[in-house]
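The values are calculated or read from the model by the stated rules, or taken from the named source; none is laboratory data. This is a predicted model, so every value here is computed, not measured. Don't worry about glycine lacking a Cβ; one is built from the backbone with ideal geometry, like all the others, and counts go over all protein chains shown.
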Amino acid sequence: MHDALFQPLKMGALEARNRIFMAPLTRGRAADPMFVPNEMMGTYYRQRAGAGMILTEATGISTEGLGWPSAPGIWSDEQTEAWKPIVEGVHEEGGLIAMQLWHMGRIVSSYFLDGERPFSASETKAPGEAHTPVGRQEYDVARAMTKDDINRTLDHYQRAAENAKKAGFDSVQLHGANGYLIDQFLRDKTNLREDEYGGSPENRTRFMREVLERLVDVWGADRVGIRLSPNGDSQGTDDSNPPATFGAATKVIEELGLAYLELRQPGPDGTFGQTDVPKQDALIRGLYSGALILNSDYTAQEADDDVTSGRCDAVSFGRPYISNPDLEKRIAAGADFNPNKDVPKSWYFPIPDGYIDYPTLEEEQAANAA
């Protein structure tokens, strides 16, 4: 069943055993206050190692760039060492795992910065409120990054990439989506700069290019990927001309020869990130020759159809992997998915409940037979 999804896929130096990928999912289970991964996270990722490739939850590259309670980091030796057994567990199950590198930019609350303001491409403020350990807090007005800030952040990305390599990951993915720092530079609603990093779409891709060049220097282009969300508003980050902006970004990605590009696209009505802005995957498919991964609230049949037609090379599933640790086996068997209870507490609260306690298909069948 769904044969196209179970064909192997070569992406640069990577070989995925199927085309059902696990999308990045922030889960908030790392140990505060040092953002250190733990054994519970190792169980979680090992359970899901049957995915063609796991893209880890967004992982902070620096103290300046991480503003989510109990999210993991990859800037310290302690964090790097703590990731090693997690990666080993996935490898023992025959899986691939890529680390997603994250800088939140203006979405970091000053709570995490000892009262200092976060920075972004320009002096702007995100709508809404930040999630902090002491409750919701209004976002701060970010300050515009100086050249020193940019250079320091490039160094932080490089250090994070080096640490991910030390931890044994198979790849790194740059988080360039969802209104975070890279996205804040790409889109003209949040990038108001008048220097070489602002203005034209080509200039607005400059920071992304410089970060990717650092990652490629560490890993080689054949083990580097990126995630983009080339559509409408995301956390107040938006663009007046998505085809021009993301066409320019895709040309950079193609020029650098990245192994894979994941797109978070809007799903059906009523789903996360819904927008009237047309999907950009056809444009991007025409400009990029690497592996294209789509993420858009897919059903198994829709995923199979898009892989079969050549619209994409793989599909990444997000929320279905929360409650279905063996999602790929359920798809292969045509079995029902466990219901994802859509309770944010189970998504983010740092406890095992709603994290590592979902039954596999085999466990469910055994329980029903008993």
- Message: I'd like the full set of residues that are surrounded by fewer than 22 Cβ atoms within 10 Å (Cβ to Cβ) and not in a helix (DSSP H, G or I), limited to segment 72-93.
- Response: Trp75, Ser76, Glu93
- Query: Which one of Leu258, Leu263, Leu215 is closer than 30 Å to Asn163 by Cβ, part of a loop (DSSP other than H, G, I, E, B) and out of contact with any Ser or Thr (no Cβ under 6 Å at 6 or more places or on another chain)?
  - Reply: Leu258
- Any idea which residue in segment 144-171 is surrounded by the fewest Cβ atoms within 10 Å (Cβ to Cβ), counting only those that are in contact with a helix residue (DSSP H, G or I) (Cβ under 8 Å, 6 or more places away or on another chain) and not in a helix (DSSP H, G or I)? Gly168
- Would you tally the residues in segment 237-279 being at pLDDT 95 or above and either touching a Cys at 6+ places or on another chain (Cβ under 7 Å) or not polar (S, T, N, Q) (or both)? 23
- Message: Looking only at residues that are surrounded by fewer than 17 Cβ atoms within 10 Å (Cβ to Cβ) and touching a Lys or Arg at 6+ places or on another chain (Cβ under 8 Å) in segment 94-118, which one is nearest to Val172 (Cα to Cα)?
- Response: Gly94
- Message: Can you list residue pairs whose Cβ atoms sit under 7 Å apart, with the first residue in segment 120-139 being of a type in the set (S, T, N, Q) and modelled with pLDDT under 95 and the second being surrounded by fewer than 20 Cβ atoms within 10 Å (Cβ to Cβ) and outside any loop (DSSP other than H, G, I, E, B)? Count only pairs 6 or more apart in sequence or on different chains.
- Response: Thr132/Tyr111; Gln137/Tyr111; Gln137/Glu129
- Note on the structure: Taking first residues from segment 352-367 that are farther than 15 Å from Gly50 by Cα and in contact (Cβ under 8 Å) with a residue 24 or more places away in the chain and second residues anywhere that are of a type in the set (A, V, I, L, M, F, W, C) and surrounded by fewer than 12 Cβ atoms within 10 Å (Cβ to Cβ), the pairs with Cβ under 9 Å that are 6 or more apart or on different chains are Gly354/Val343
